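The values are calculated or read from the model by the stated rules, or taken from the named source; none is laboratory data. None of the values given here were measured: they were computed from a predicted structure. Note: ideal-geometry Cβ built from the backbone for every residue, glycine included; neighbour counts use all protein chains shown.
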Amino acid sequence: MADSTHVVLTDSDNAKTSSLPVLRGSLGTPALDIGKLYKDTGYFTYDPGFVSTASCRSAITYIDGDEGVLLYRGYPIEQLAEKSSFLEVAYLLMNGELPSKAQFASFEHEVTHHTMMHEAFRTFLYGFRHDAHPMAMLTGMLGSLASFYHNELDLEDPEQRRLAAIRLIAKVPTIAAACYRYSIGWPIRYPRNNLEYTTRFLHMMKEVPSEPLNLPPIASKAMDLLFILHADHEQNASTSTVRLVGSTGANPYVSVAAGVAALWGPAHGGANEAVLKMLAEIGDVKNVQSAVDRAKNKESGFRLMGFGHRVYKNFDPRARIIREMTHKVLGELGVDDPLLEVAMRLEEAALKDDYFVQRKLYPNVDFYSGIIYKALGIPTEMFTVMFAIARTAGWVAHWLEQQNDPENKIGRPRQIYTGATPRDYVAFDARG
Ligand code: ACO
């Protein structure tokens, strides 16, 4: 199997056969090219949730779920988390290489000077109910961004594609902060060009007009780290959504808006919000064991939020890094959060429970990120928005890669039809 070039598939009647080429990347599991399977045999493949299906070739991110490895463009996440910054990571994801000093200065300048929103955007924003969820607002606002950059947009022009990616990285934090401020009745805060990316975002979100914001340095550092860790994760649900929409030749801003919508679900990015809600519901360390027991009981319909991952069947390497930062943030800010104690006990109880051990269910990135966000004074409804800001870097990198991919085709899965077989229409009056 290690060196096979083809896998021959024959049906049980020995009537049909197809020789499927084995495709190999630079790392990881080989894949069978099943493009000819239907023509050769008359069969489709069936794989709900794409558990065994690769949808594209990609050079951006590599994950080894069994070993707990995550690489962005070949660089281990641990090294990037320690030494890089989110904006540098965004450059790396988009361009494939770490920037030189001059390249980074130019990238930072461009991103910084594309952070403003058209003033008409306020009209969109003010149309939302005051209590609208910020993820609903972000989805809508990004969709409307397409209307500002559509008529002249030529997707055949690589420079226009690059600029769309820059605009998205630059404007998503401005829009996210505006959504938040609208929801609490604060005036929108314009981006300040003298601040770097993450600090600028925190200022846009938190600074009141009447006094300067004293932001503890650990706040920007922790947020930047979380942004790095969330920046990309290969073909996850939201990135695949961006690619699916992008495969039709749609406008990049709506492609990313679709990614935001996919991210919102609690099985994906919405999990960080769900973790905090769950920890608050558990409330006290004395309730931890009963929560674990409830999660093991399928009939309860309850799952431990922040546990398990489709790909990591070992510890999520991002969770390990965040766990360390969580303690640092709480220590430096002097936060004594009882929910952290609940989180620690929950992690401890689940990690030694046979149910979780056998199924290889470990804490994922969302388990700790919510606690950090909470310590930084970010409201729970904004947690997934934070994730969206970071993942925009990954979404645009994948969108750019896809637009250049000679194998790109409109994404159009098949199905196994289980509905009614042909039957005659019954006249309305004859139906009783
Ligand atoms: N709590 C309890 N049981 C669980 C959990 C959990 N969090 N996650 C999986 N299981 C169980 C399932 O019931 C199933 O048990 P079974 O084999 O007895 O039927 C087994 O573990 C496998 O679970 P699947 O749902 O088949 O695993 P899948 O890979 O499809 O799902 C997912 C992965 C969606 C992340 C799942 O683990 C989950 O719902 N976790 C909680 C939500 C969460 O934290 N999501 C964030 C993901 S990370 C991210 O998006 C950034």
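In the set (1) within 11 Å of the ligand (Cβ to nearest atom); (2) surrounded by fewer than 22 Cβ atoms within 10 Å (Cβ to Cβ), the condition left unmet by residue 275 is number (2). With respect to being out of contact with any Phe, Trp or Tyr (no Cβ under 9 Å at 6 or more places or on another chain) and either basic (Lys, Arg) or crowded, with 18+ Cβ neighbours inside 10 Å (or both), residue 368 fits the description. State yes or no: is residue 238 within 13 Å of the ligand (Cβ to nearest atom) and not hydrophobic (A, V, I, L, M, F, W, C)? Yes. Residue pairs whose Cβ atoms lie under 7 Å apart, sitting 6 or more positions apart in sequence or on different chains, and linking a residue in segment 143-165 that is crowded, with 16+ Cβ neighbours inside 10 Å to a partner that is in a loop (DSSP other than H, G, I, E, B) and among the aromatic types (Phe, Trp, Tyr), are 164/149.
Listed by position, the helices (runs of 4 or more DSSP H) contained in segment 33-133 that have at least 3 residues being buried (at least 16 other Cβ atoms within 10 Å of the Cβ) and at pLDDT below 95 are 121-126.
To keep it simple, each residue is scored yes or no on (1) over 20 Å from the mean Cα position of the chain (by Cα); (2) closer than 13 Å to residue 288 by Cα; (3) of a type in the set (Lys, Arg); (4) assigned to a helix (DSSP H, G or I).
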{"position": "311", "(1), (2), (3), (4)": "no, no, no, no"}
{"position": "322", "(1), (2), (3), (4)": "no, no, no, yes"}
{"position": "327", "(1), (2), (3), (4)": "yes, no, no, yes"}
{"position": "347", "(1), (2), (3), (4)": "yes, yes, no, yes"}
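Restricting 176, 164 to those that are at pLDDT 95 or above, under 25 Å from the mean Cα position of the chain (by Cα) and more than 18 Å from residue 125 (Cβ to Cβ) reduces the list to 164. Per the conditions (1) buried (at least 17 other Cβ atoms within 10 Å of the Cβ); (2) of a type in the set (A, V, I, L, M, F, W, C); (3) away from the ligand (no atom under 16 Å from the Cβ), the sole criterion not satisfied by residue 416 is (1). Count of segment 292-308 residues, restricted to those that are assigned to a helix (DSSP H, G or I) and within 10 Å of the ligand (Cβ to nearest atom), is 6.
Against the test of being more than 16 Å from the ligand (Cβ to nearest atom) and either surrounded by fewer than 24 Cβ atoms within 10 Å (Cβ to Cβ) or acidic (Asp, Glu) (or both), the options 360, 352, 409 yield a single qualifying residue, 409.
When 400, 340 are checked against the criterion of being surrounded by fewer than 24 Cβ atoms within 10 Å (Cβ to Cβ), of a type outside the set (Val, Ile, Thr), assigned to a helix (DSSP H, G or I) and without any contact (Cβ under 8 Å) to a residue 40 or more places away in the chain, 340 stands alone in meeting it.
Every listed requirement among (1) more than 30 Å from residue 413 (Cβ to Cβ); (2) in contact with a strand residue (DSSP E or B) (Cβ under 8 Å, 6 or more places away or on another chain) is met by residue 181 save one, (2).
Exactly one residue among 269, 259 is assigned to a helix (DSSP H, G or I), under 27 Å from residue 110 (Cβ atoms) and either within 14 Å of the ligand (Cβ to nearest atom) or free of Cβ contacts under 8 Å to residues at least 60 places away in the same chain (or both), and that residue is 259.
Screening residue 381 against (1) crowded, with 20+ Cβ neighbours inside 10 Å; (2) part of a helix (DSSP H, G or I) leaves a single unmet condition, (1).
Based on what the data block shows, is residue 127 small (Gly, Ala, Ser) and either touching a residue at least 12 places away in the same chain (Cβ under 8 Å) or over 30 Å from residue 148 (Cβ atoms) (or both)? Before the answer, list the steps.
Working: small (Gly, Ala, Ser): yes; either touching a residue at least 12 places away in the same chain (Cβ under 8 Å) or over 30 Å from residue 148 (Cβ atoms) (or both): no.
No.
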